[in-house]
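The values are calculated or read from the model by the stated rules, or taken from the named source; none is laboratory data. Note that the structure is predicted; figures quoted are calculated from it, not measured. Every residue, glycine as well, gets a Cβ built from its backbone with ideal geometry; the counts of neighbours run over all protein chains shown. Accessible surface is based on the protein model in full, side chains and every heavy atom, while ligands, DNA and RNA are left aside. Shrake-Rupley method; radii C 1.70, N 1.55, O 1.52, S 1.80 Å.
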Amino acid sequence: MTPLIAIAAQAAEPKSAEVTDWAGRIGWVAGLLLFVVLVYWLMRQGWKWRGSLQSDLPELPTAPETPGAATLTLDGRYHGSTTAGQWLDRIVAHGLGTRSRVELTLTEAGIMVVRPGANDFFIPADALREARLDKGIAGKVLAEGGLLIVTWAHGEKLLDSGFRSDRAAEHTAWVEALNSMNQITTTEGIAR
């Protein structure tokens, strides 16, 4: 019985906490950080690759010297552009994939898109095809009618560009104005 008493006495003695394996812990943290960096790098490479696939897209048009008087203006956000009718096929070439604040100005010549911190561009009136209210575009989904989607021709592609006004009540006026411009400037209708 003495061996059992000795084991019981040993089990009853208080023990100090085990020493933490710092090398193992640091290894796991370093591995996790490397994994996060790798995933970020792969996402960036995918964005660049998508841009190179869309390199056939011509340079974005710039506003004419005298665009005319402003019919409508809008302050809000630019949420990106996609291939028309394919709301998940984001266009990233020429900075069209960069979200930003936006100031839109509609004139008889077209739409001036001014984006602080990103590339400005111009949508000529003869390139406009359609305007509608929708609920989503690549990377952004809102309530029904929360986005102003402008369909326009650029090169050989039809693009959908998504905008959201700071005052959502403005969207309807923009849809009506753009669709009435489209009826005046083109007879080919909505090409999708």
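Of all residues in region 106-117, exactly one satisfies the criterion of being surrounded by 15 or more Cβ atoms within 10 Å (Cβ to Cβ), of a type in the set (Gly, Ala, Ser) and either out of contact with any Gly (no Cβ under 7 Å at 6 or more places or on another chain) or not in a loop (DSSP other than H, G, I, E, B) (or both), namely Gly110.
It is to be established whether one or more residues within region 140-152 are of a type outside the set (Val, Ile, Thr), in a strand (DSSP E or B) and open to solvent by 40 Å² or more (accessible area, probe 1.4 Å). Can you show your working first?
At the first step, the residues of region 140-152 found to be of a type outside the set (Val, Ile, Thr) are 140, 142-148, 152.
Narrowing the set further to residues that are in a strand (DSSP E or B) leaves 140, 147-148, 152.
If we keep only those that are open to solvent by 40 Å² or more (accessible area, probe 1.4 Å) too, we end up with 140.
Checked against the condition, which is being of a type outside the set (Val, Ile, Thr), in a strand (DSSP E or B) and open to solvent by 40 Å² or more (accessible area, probe 1.4 Å), region 140-152 yields at least one hit.
Before we move on, is Glu103 surrounded by fewer than 17 Cβ atoms within 10 Å (Cβ to Cβ) and over 25 Å from Ser180 (Cβ atoms)? Taking the combined requirement at face value, the residue does not satisfy it. Of the residues making up region 123-146, those that are at pLDDT below 90 and either within 17 Å of Arg90 (Cβ to Cβ) or β-branched (Val, Ile, Thr) (or both) are Asp134, Lys135, Gly136, Ile137, Ala138, Gly139, Lys140, Val141, Leu142.
Please specify each residue of region 156-178 satisfying the condition of being in a helix (DSSP H, G or I) and crowded, with 16+ Cβ neighbours inside 10 Å.
Glu170, His171, Trp174, Val175, Leu178
If the condition is being surrounded by fewer than 21 Cβ atoms within 10 Å (Cβ to Cβ), free of Cβ contacts under 8 Å to residues at least 60 places away in the same chain and farther than 14 Å from Ile149 by Cα, then region 68-92 contributes Gly68, Ala69, Ala70, Thr73, Asp89. Anything in region 39-67 that is open to solvent by 100 Å² or more (accessible area, probe 1.4 Å), within 21 Å of Val102 (Cβ to Cβ) and within 20 Å of the chain's Cα centre (by Cα)? List them, or say none. Hits for region 39-67 are Trp47, Glu59.
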